[in-house]
Every structure is written in structure tokens, then in C-alpha cells.
Amino acid sequence: MYNVNFNKLATWILPVLMRQTNFVKWLNGLVYPIARIHEFSFLLNRDANLYKLAHNGQVFSLLKLLNEKFDRSEKRIKIEDGLTRDRIYAFVTNESKPLKLIIQAESDAIEIHNPEDYADSGTDFIVWVPNNLFSQEEIKMKAELDFYKLSAKRYRIYRK
């Protein structure tokens, strides 16, 4: 229904007595701009819309989409769950005591992280991107993720 051959359609609409070679060629010349618009605007837009409909916010679908668009040859982009570190407090915030960091053996060491690395920071999933891709395609990648992810999901993009 959507794929129309305008040259054949114009020929079929002509009365049989007018279907001479020169007249059909002239008519095809008149129909040519409409056929090009149909091919390059409508059909390409249809293919792009079908591609968008084939993907959704699921992890496997996002991963496939990102690797197809940004790292087709090596497929190095990965998606993981958000960070789930629990906060460790050295003192209760009401105590107003200074925090003293003591370097101890590795078994007793406490890791210090960025505020967004904890479970309550609001990051639902993390996209790991190689350095060379991140610098070139960061804005496009964020736009793709924002389009496909669920509206309630939050993400962060990290470099490998």
C-alpha cells in the first residue's frame, strides 16, 4: 500500500489511446519529482520510524541500539545496573565532630566515593563507553538514551 510506482500508476490512469511512447515519457517526467519525494522523504522516514519502533528501553535493546549506532565494529559499549554502595558514616551528622581519616591495612580500609556513586543517588543504570567514542558522540548518545529509556529511569555515562 505504501510503496507506489508512480510511473506505472500514471500509465495506468492514461486512456489506452493516449499510451504512446513519447506521451508516456513526458508524463513520467512530470511524475518524477513526486516519485523522488515519495522515495526520499516518505520511505526513508518510514524506515527510520520502523527502526525506532523495533527498539525500547530494555537493557538488551538499548545495548544493541548503542552498539549499532556508535560502535558497530567492536561493540565495546556495556550497560550495568546502577551503583548500590551503602553509605558509611564516620559519625552522626548532628554531632558536628571533625572527621579523621586513618590509613589502615587494606582489610579495614573504607573506600571514599563520589556522592553519585551510592545507592540513593538516583542512578538506575550505567553506560560504559570507551574514551574515544565518548568524546566524539556524547551528545548524540545522551539523546538516544533519553529517547528510548523509560521516563522514570536515570542513568550515568562513564568512560572505560
Legend entry - When each of K25/K52; K64/K153; K8/K52 is checked by Cα-Cα distance, pairs over 29 Å: K25/K52; K8/K52
Inset, instruction - Quick one: grab Rg to one decimal and Dmax as a whole number for the range 6-53, Cα atoms only, in Å. - result: 14.6, 47
Legend entry - Distance in nm between pseudo-label sites at D124 and Q20 (7 Å out along the Cβ direction from Cα): 6.8 nm
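For N5 and S61, calculate 0.36 nm times their separation in residues minus their Cα-Cα distance, and state this gained length in nm to one decimal. Don't skip to the answer; put the middle values down first.
Working: separation 56, 0.36 × 56 = 20.16 nm, distance 3.46 nm.
Contour length minus Cα-Cα distance gives 16.7 nm.
Sorting S41, S151, S61 on the 10 Å Cβ count, fewest up front, what's the list?
S151, S41, S61
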Legend entry - At most 11 other Cβ within 10 Å, DSSP loop - trypsin sites (Lys or Arg not before Pro), the range 18-52: none
Legend entry - Environment charge at Q136 (Cβ cut-off 15 Å; Lys +1, Arg +1, Asp -1, Glu -1): +2
Legend entry - Separation of the K75 and D146 label points, Cα + 7 Å toward Cβ, nm: 2.9 nm
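Any read-out appearing in this document is the output of simple, stated calculations on the displayed coordinates, not a laboratory observation. Note that this is a predicted model, so its numbers are computed, not measured. Virtual Cβ from ideal backbone geometry, glycine too; neighbours counted across all protein chains shown.
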